[in-house]
Amino acid sequence: MNRLDARFQALRAAGRPGLVTFITAGDPNPEWTDAAMHSVVRHGADVIELGMPFSDPMADGPVIQQANERALAKGVGLVHVLEALRRFRQLDRDTPVVLMGYLNPIERFGFEAFVRAAHAAGADALLLVDCPPEESDGHAALLAELDLHQIFLLAPTSPAARRQRIAARASGFLYYVSFKGITGAGHLEQDSAIVALREVRALTRTPVAVGFGIKDAASAAALGAHADAVVIGSALVESMAPARSEGDLDGRIGAFLDPIAQALRSLRLAA
């Protein structure tokens, strides 16, 4: 069974929402990527979303854009991402890892070659921002062969018919974007997001994760009771950026994530 499926089964059995943490591979230091992955798990992450640096991350706000720029300036690319994942898997064979990024670097690598390499390294899913369901038919068979999920994004502006189509194609989890805009920006309107989450969860048996604009324990808890998982990205990346050593990095991750993880573990999922 895919690790992502097993993890969400365990979360449902526990009756609580999961914590999905996004970090950018290679930032703040390329040598610390696998250490950062282990750190977020120690501090409560149920799923890791590992960002693959790209020069034009169109869905991301300034914090993650700058993390991408710092990683690229240090020579971090897909080979580094896969090597870090392989090192992580030497010690952690259970935590699901979603590789998040954009098509351009993957196409340059060779799509099939990359997917097979990602599977061999220990990835469980791909989240490709610029590869919506309409563009994914050509590689669906390859992903199914390797038991890799493709995670799709669902925006609050999506018309009802499109929501239904995406929900029908969803696997692993469906990523609901909580507001219009880029990561780390905007004001989270919790009431409207909660209403939308109820509607989306009614469309699919696939777990629904919510992200964008969730910055702390309070906002995580407010939405966590209405989703199968909460995604924390920009605020975590920002907290990690000043780290000067692996120990400092772990301390910063713990200071940021521990209250969020505790808040989510105290919740019980709404029906």
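The values are calculated or read from the model by the stated rules, or taken from the named source; none is laboratory data. Note that the structure is predicted; figures quoted are calculated from it, not measured. In this analysis, Cβ positions are derived from the backbone assuming ideal geometry, glycine residues included, and neighbour counts consider all displayed protein chains.
Here are some notes:
- Within the stretch 80-102, considering residues that are in contact with a Pro (Cβ under 9 Å, 6 or more places away or on another chain) and of a type outside the set (S, T, Y), the one surrounded by the most Cβ atoms within 10 Å (Cβ to Cβ): V81
- Filter result for P57 (modelled with pLDDT under 95, farther than 15 Å from A125 by Cβ, surrounded by 20 or more Cβ atoms within 10 Å (Cβ to Cβ) and touching a strand residue (DSSP E or B) at 6+ places or on another chain (Cβ under 9 Å)): yes
- Flag for D5 being among the charged types (D, E, K, R) and either closer than 24 Å to A255 by Cα or under 14 Å from the mean Cα position of the chain (by Cα) (or both): no
- Yes/no for A218 being farther than 23 Å from T24 by Cα and either in a helix (DSSP H, G or I) or out of contact with any strand residue (DSSP E or B) (no Cβ under 7 Å at 6 or more places or on another chain) (or both): yes
- The listed residue being closer than 22 Å to L257 by Cα, acidic (D, E) and out of contact with any Gly (no Cβ under 9 Å at 6 or more places or on another chain), out of D56, D94: D94
- Among the criteria (1) of a type in the set (A, V, I, L, M); (2) out of contact with any Gly (no Cβ under 6 Å at 6 or more places or on another chain); (3) under 23 Å from A10 (Cβ atoms); (4) crowded, with 21+ Cβ neighbours inside 10 Å, the one V115 does not fulfil is (3).
- Of all residues making up the stretch 15-34, the number that are out of contact with any helix residue (DSSP H, G or I) (no Cβ under 7 Å at 6 or more places or on another chain) and closer than 14 Å to A67 by Cα: 1
Conditions (1) without any contact (Cβ under 8 Å) to a residue 60 or more places away in the chain; (2) in contact with a Phe, Trp or Tyr (Cβ under 8 Å, 6 or more places away or on another chain); (3) in a helix (DSSP H, G or I), marked per residue:
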{"residue": "P242", "(1), (2), (3)": "no, no, no"}
{"residue": "G247", "(1), (2), (3)": "yes, no, yes"}
{"residue": "A255", "(1), (2), (3)": "yes, no, yes"}
{"residue": "L264", "(1), (2), (3)": "no, no, yes"}
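- Residue match in the stretch 29-46 (condition: under 19 Å from G211 (Cβ atoms) and either free of Cβ contacts under 8 Å to residues at least 12 places away in the same chain or among the charged types (D, E, K, R) (or both)): yes
- Flag: A227 matches the condition of being within 15 Å of the chain's Cα centre (by Cα), assigned to a loop (DSSP other than H, G, I, E, B) and either of a type in the set (A, V, I, L, M, F, W, C) or surrounded by fewer than 24 Cβ atoms within 10 Å (Cβ to Cβ) (or both).
- Hits in the stretch 156-168 - residues which are surrounded by fewer than 17 Cβ atoms within 10 Å (Cβ to Cβ) and of a type in the set (A, V, I, L, M, F, W, C): A160, A161, A168
- Scan of the stretch 197-222 for residues that are crowded, with 19+ Cβ neighbours inside 10 Å and either under 16 Å from the mean Cα position of the chain (by Cα) or modelled with pLDDT under 90 (or both), ordered by number: T206, P207, V208, A209, V210, G211, F212, G213, I214, A220
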